[in-house]
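For reference, the structure is listed below as structure tokens.
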Amino acid sequence: MTDFTAEFIGTMVLILLGNGVVANVVLHGTKGNNSGWIVITISWALAVFTAVVIAGPYSGAHINPAVTLGLAIAGKFSWGLVPLFLGAQLLGAMAGGLLVWAMYKNHFDATKDSLLQLAAFSTGPAIRNNISNIFSEIVGTFILIFVIFYVTNPVIPGEQETPIGLGSLGAVPVSLLVFAIGLSLGGTTGYAINPARDLGPRIVHSLVPIKNKCKSDWSYAWIPIVGPIIGASLAAFLYLILS
């Protein structure tokens, strides 16, 4: 599996499972309708776990442009590979959003509230205020990227430290981190903390046919792009200062 394929499939699975749980919770007539925020945050954490398990051995499982940019700024990833990774992530997010729409098409059409339909594709603010909304995305992404810099494999101490192989369990720390961010910081904007996660499905929302569909709220769409980029950059700069 190539870097591009791994990032594409990993991000697609992330969005399929992550946006899939939002659709299950908010759309009319689903088995999980109105099951709540805890269900959403748990499933997003598990979506991250699943995506990292798939892509981790091949690309490092960035599955998020903010991660790719943060690692590049910190000198831990080649700038020459950044466009490849960002392209794969955006296309994977679009593919995941399309699959969610196909899976829940009947429920999208049965849902009269167009904002709930949009919520199953992209994030939106609980209270619309551009300054506080972008601040929320900056803080959430800062925590994500800064902690990722310090996530390491456990080792057996000795003259030459020997890594302890965790296999797929190595995906657990980042999954728990995303769970914590969702529970603690996600209530303001829905914690995009990932430009591809928001932009890709938002593009799909603008293209697919849905009964009673609203516009895709492009006036807000820049916030879950710019906020995570700023947050990732600040985390990388602070990491470099402290290293």
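The values are calculated or read from the model by the stated rules, or taken from the named source; none is laboratory data. Since we're looking at a predicted model, the values are computed, not measured. Ideal geometry is used to build each Cβ from the backbone, glycine not excepted, and the neighbour counts take in all protein chains shown.
General observations
- Of the residues making up the stretch 169-188, those that are free of Cβ contacts under 8 Å to residues at least 60 places away in the same chain, among the hydrophobic types (A, V, I, L, M, F, W, C) and either surrounded by fewer than 17 Cβ atoms within 10 Å (Cβ to Cβ) or over 23 Å from Ile127 (Cβ atoms) (or both) number 3.
- Counting the residues of the stretch 199-236 that are in a helix (DSSP H, G or I) and either over 18 Å from Leu14 (Cβ atoms) or of a type in the set (A, V, I, L, M, F, W, C) (or both) gives 21.
- Residue pairs whose Cβ atoms lie under 6 Å apart, sitting 6 or more positions apart in sequence or on different chains, and linking a residue in the stretch 103-128 that is loosely packed, with under 13 Cβ neighbours inside 10 Å to a partner that is among the aliphatic types (A, V, I, L, M), do not occur here.
- Take the conditions (1) within 20 Å of the chain's Cα centre (by Cα); (2) in a helix (DSSP H, G or I); (3) not hydrophobic (A, V, I, L, M, F, W, C); Tyr239 misses just one of them, which is (1).
- Any chance Ala196 is within 13 Å of the chain's Cα centre (by Cα), outside any helix (DSSP H, G or I), at pLDDT 95 or above and within 24 Å of Gly60 (Cβ to Cβ): no
- Selection of helices (runs of 4 or more DSSP H) fully inside the stretch 1-113 by the criterion of at least 1 residues being of a type in the set (Gly, Ala, Ser) and within 27 Å of Gly170 (Cβ to Cβ) returns 3-26, 37-59, 65-73, 82-103.
- Filter pass, Ala196 being within 13 Å of Leu71 (Cα to Cα) and touching a residue at least 12 places away in the same chain (Cβ under 8 Å): no
- Number of positions in the stretch 25-40 that are in contact (Cβ under 8 Å) with a residue 60 or more places away in the chain and either of a type in the set (Gly, Ala, Ser) or more than 19 Å from Leu183 (Cβ to Cβ) (or both): 4
- Single residue of Ile223, Ile203, Ile210 found to be closer than 21 Å to Leu115 by Cα, in contact (Cβ under 8 Å) with a residue 12 or more places away in the chain, buried (at least 23 other Cβ atoms within 10 Å of the Cβ) and hydrophobic (A, V, I, L, M, F, W, C): Ile223
- Within the option set Ala61, Ala51, Ala55, Ala72, being of a type in the set (A, V, I, L, M), buried (at least 16 other Cβ atoms within 10 Å of the Cβ) and touching a Phe, Trp or Tyr at 6+ places or on another chain (Cβ under 7 Å) holds for one residue only, Ala72.
- Residues of the stretch 47-87 classified as within 13 Å of the chain's Cα centre (by Cα) and over 23 Å from Phe142 (Cβ atoms), total: 1
- Assessment of the stretch 162-172 against the conditions (modelled with pLDDT under 95 and closer than 22 Å to Gly20 by Cα) yields at least one matching residue.
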